[in-house]
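Engineer: My structure is below; once you've seen it, I'll send some questions.
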Amino acid sequence: LFRSDILIRETASKISDNDKFQYLLLMLELAACNMGEQSLGYADKARIILSDIKSSAPFEGWNETAYKALIHYNQGLAKQHMSLYDSAIELYDQAINILNEMNETNELWRDYVYHPALLQRAETLIKMPFAYNALETLQFIKEQGASPFHIARRYLLEAACYMELSDWKKFVEKWRRIEKHINDIKYFTLQVQDNAKKDPDFLFKEKHISY
């Protein structure tokens, strides 16, 4: 990686845009695989490489704007892991706004960046803790158009919000919705015990869920 960095700095003018794109993908992957300052460093390298790609379309399907959103998303994850929640929210907002301003966000960028940015924004707000704001953010992930995994995670985060708000009735209602959703998509079987149907506080009285 060190040699790759030197190559980028010293011979950037001699490297094709396609090769630069490969370095860009490498830095984005490393940003996603690491945490905290390391992740932030790789995301910043990706930003520099992206700015150095001169071609308007180095390959078919190229979308510079979408890759900028992905870089902001990775930077937001790094800030979140560093407990810099305000900065993380700002970066998630940048990623979300970039994709909102695109004429059309295709399914790839919606699933890869847009919905994950909304989910991470909500998770960060819960930690701040701003559960009401998190619930508002999660409303932008619609049941039609989102992947089954993102819908399941939305329900889980909504349940976490109601736990934070001590609204146990809504928490159990959301938990039952999670159960139905997961069973419907056949990921795995998740059962809420029958006693919970009679007493919404059962899960907490029996210490099946800690908070």
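Engineer: Under 6 Å between Cβ atoms, which residue pairs at least 6 apart in sequence (or on different chains) link something in segment 149-175 that is under 18 Å from LEU125 (Cα atoms) with a partner that is modelled with pLDDT of 95 or more and among the hydroxyl-bearing types (Ser, Thr, Tyr)?
Structural biologist: PHE171/TYR162
Engineer: Just the residues that are of a type in the set (A, V, I, L, M, F, W, C) and open to solvent by 50 Å² or more (accessible area, probe 1.4 Å), please, taken from segment 157-179.
Structural biologist: Matches in segment 157-179: LEU165, TRP168, TRP175.
Engineer: Next question. Is it true that some residue in segment 62-81 is open to solvent by 60 Å² or more (accessible area, probe 1.4 Å), modelled with pLDDT of 90 or more, assigned to a helix (DSSP H, G or I) and not basic (Lys, Arg)?
Structural biologist: Yes, there is a match, as at least one residue in segment 62-81 is open to solvent by 60 Å² or more (accessible area, probe 1.4 Å), modelled with pLDDT of 90 or more, assigned to a helix (DSSP H, G or I) and not basic (Lys, Arg).
Engineer: Would you confirm, using the coordinates I've provided, whether LEU190 is open to solvent by less than 70 Å² (accessible area, probe 1.4 Å) and at pLDDT below 95?
Structural biologist: yes
Engineer: Give ASP86, ASP44 a once-over and let me know the one that is surrounded by fewer than 13 Cβ atoms within 10 Å (Cβ to Cβ), farther than 25 Å from ALA146 by Cβ, modelled with pLDDT of 90 or more and not polar (S, T, N, Q).
Structural biologist: Going through ASP86, ASP44 in turn, the sole match is ASP86.
Listed here are the residues, each with its yes/no results for (1) of a type in the set (Lys, Arg); (2) closer than 25 Å to TYR23 by Cβ; (3) out of contact with any His (no Cβ under 7 Å at 6 or more places or on another chain).
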| position | (1), (2), (3) |
| --- | --- |
| ALA66 | no, yes, yes |
| LEU84 | no, no, yes |
| GLN94 | no, yes, no |
| ALA117 | no, yes, yes |
| ALA122 | no, no, yes |
| ALA131 | no, no, yes |
| ALA152 | no, no, no |
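Engineer: Condition check: within 24 Å of ILE185 (Cβ to Cβ) and touching a Pro at 6+ places or on another chain (Cβ under 9 Å). Does HIS115 satisfy that?
Structural biologist: Here the answer is no, as HIS115 does not meet what is asked.
Engineer: Looking for something open to solvent by less than 40 Å² (accessible area, probe 1.4 Å) and assigned to a helix (DSSP H, G or I) - is there at least one such residue anywhere in segment 140-149?
Structural biologist: no
Engineer: Right, here's the next one. Filter segment 93-117 down to the residues that are among the hydrophobic types (A, V, I, L, M, F, W, C) and either without any contact (Cβ under 8 Å) to a residue 24 or more places away in the chain or not in a helix (DSSP H, G or I) (or both), then identify the one that is least open to solvent (accessible area, probe 1.4 Å).
Structural biologist: MET102
Engineer: Oh, and also: Any residue that is touching a Pro at 6+ places or on another chain (Cβ under 9 Å), at pLDDT below 95 and not hydrophobic (A, V, I, L, M, F, W, C) - is there at least one of those in segment 136-150?
Structural biologist: There is at least one residue in segment 136-150 that is touching a Pro at 6+ places or on another chain (Cβ under 9 Å), at pLDDT below 95 and not hydrophobic (A, V, I, L, M, F, W, C).
Engineer: While we're on this one: Please go through segment 118-139 and pick out each residue that is open to solvent by 20 Å² or more (accessible area, probe 1.4 Å) and free of Cβ contacts under 8 Å to residues at least 24 places away in the same chain.
Structural biologist: Of everything in segment 118-139, those that are open to solvent by 20 Å² or more (accessible area, probe 1.4 Å) and free of Cβ contacts under 8 Å to residues at least 24 places away in the same chain turn out to be PHE130, ASN133, GLU136, GLN139.
The values are calculated or read from the model by the stated rules, or taken from the named source; none is laboratory data. Computed from a predicted structure; not experimentally measured. Neighbour counts are summed over all protein chains in view; Cβ atoms, including those assigned to glycine, are modelled from backbone coordinates with ideal geometry. When the accessible area is computed, the model is the full protein with side chains, heavy atoms only, and any ligands, DNA or RNA have been set aside. Shrake-Rupley method; radii C 1.70, N 1.55, O 1.52, S 1.80 Å.
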